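A short write-up of the structure that comes next.
The values are calculated or read from the model by the stated rules, or taken from the named source; none is laboratory data. Everything quoted here is computed from the prediction, not taken from an experiment. With ideal geometry, Cβ positions are generated from the backbone for all residues, glycine too; neighbour counts draw on all protein chains shown.
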Amino acid sequence: MELNDKIRTRQARIGIIGLGYVGLPLAVEFAKAGFEVTGFDVDGSKVDAINRGESYIGDVSSEDVAASSKAGKLSATTDMARLHDMDAIDICVPTPLRKTRDPDLSYVVLAVDAVKARLRKGQLIILESTTYPGTTDEVVQPALEEGGLKAGADFHLAFSPERVDPGNPTHHTRNIPKVVGGVNETSTALAAALYGSIIGTIVPVSSTQVAEMVKLLENTFRAVNIGLVNEIALMSHRMNIDVWEVIEAAATKPFGFMPFFPGPGLGGHCIPIDPFYLSWKARQNGFECRFIELAGHINGSMPSFVVERVSEALNSQKKAINGSRIHILGVAYKKDVSDMRESPALDVMELLHRRGAALSYTDPYVPTLDHTGLSLQ
Ligand SMILES: NC(=O)c1ccc[n+]([C@@H]2O[C@H](COP(=O)([O-])OP(=O)(O)OC[C@H]3O[C@@H](n4cnc5c(N)ncnc54)[C@H](O)[C@@H]3O)[C@@H](O)[C@H]2O)c1
């Protein structure tokens, strides 16, 4: 049976590599739509949790995982040999930065190697991990073709950026339009058909590079606008103007303005990282991304500004940071999530700790912070 028919009749077997914030919600949606889904992860504890019918991601309920698993539609494994049995494979592994702020594609490369060793004719491979334009055709495609099969002829290959927003009660996997770009028309059409079975709106684009760039534009847009509003906050403070009142009033303009809000810095696996994938790739092409660098600089300076404000507040009470007991309310990178990745709260706490503060914190989503090395009370 052709893959298109298998997708239409829900007989396509779907493999999801990487069962994190992106992969698990996707796996559950495909399972709920009637597909047989196998999750692949190198983390045995996640695999075990899914096979026990338990979720470890805030936006996915254990009831959904348990129901899909009980119906025989969702299982997980660390055994990559089973990739061979899949008709469609979605790669959702991390794409962090190296210390030098260069892209770290090592997880993608390992996942692609696992697929390469089992690749067979007719399979559809989709990369979902956020990455720089050119990754799919310059890194993924040549690696997959090493075994002799050709993308677009023997197997199908596409990129589709994930837009999930953890903790967002309104927008989730099913109702966030999905952009897809394949290495050829058939790949795009098959990826669109696959996602179309679980997502309301599919947005096909002309190439994998366009699809990769779409995601980086979206996240760069956020990083730059947050950088702008953080700069406005810093200058408003200097001019004794209430920046929150300014933003609230500006947001009454019914067109041409979108409110962004200042904060202690950027967090999560996307906004602080993704724009640097773009600036790295642009640099390879002799182009300097000034907006991205500037926004990164301003956003990165916000934890120091917070500490400066704490110092001023204590000073006004004839106190120093050194020896003060300081309680942090909320440490995850945004509200209603437990995700600590890149959380600026950790930078603020580190700076306060170095200045001699005695720290404690409360966050209903983050019961322990043992790994930070900070002495918490
Ligand atoms: N978190 C978000 O809100 C979000 C939103 C949109 C896009 N993205 C992008 O999606 C990708 C995944 O992000 P995430 O937040 O889901 O990451 P995550 O860390 O939550 O999950 C990634 C999973 O991949 C597994 N993994 C790592 N290497 C593997 C390998 N070789 N084989 C199998 N499994 C492997 C890890 O064990 C982990 O469970 C990243 O590129 C990220 O930028 C994330």
Item to check | Residue tally, condition near the ligand (Cβ under 10 Å from one of its atoms) and not in a loop (DSSP other than H, G, I, E, B), over the stretch 104-134 | outcome: 11
Checklist entry - Quick check: is even one residue across the stretch 203-211 touching a residue at least 24 places away in the same chain (Cβ under 8 Å), among the aliphatic types (A, V, I, L, M), touching a strand residue (DSSP E or B) at 6+ places or on another chain (Cβ under 7 Å) and closer than 18 Å to PRO275 by Cβ? => result yes
Next on the checklist: Anything in the stretch 340-355 that is of a type outside the set (Val, Ile, Thr) and either away from the ligand (no atom under 13 Å from the Cβ) or buried (at least 21 other Cβ atoms within 10 Å of the Cβ) (or both)? List them, or say none.
Outcome noted: SER343, PRO344, ALA345, LEU346, ASP347, MET349, GLU350, LEU351, LEU352, HIS353, ARG354, ARG355
Checklist entry - Based on what the data block shows, is PHE159 aromatic (Phe, Trp, Tyr), within 13 Å of the ligand (Cβ to nearest atom) and either within 30 Å of ILE241 (Cβ to Cβ) or crowded, with 19+ Cβ neighbours inside 10 Å (or both)? => result yes
Checklist outcome for this item: Per the list (1) within 15 Å of the ligand (Cβ to nearest atom); (2) not in a helix (DSSP H, G or I), residue check on LEU149 breaks on (1)
Item to check | helices (runs of 4 or more DSSP H) wholly inside the stretch 190-296 containing at least 1 residues that are more than 14 Å from the ligand (Cβ to nearest atom), at pLDDT 95 or above and β-branched (Val, Ile, Thr) | outcome: 208-238, 243-250
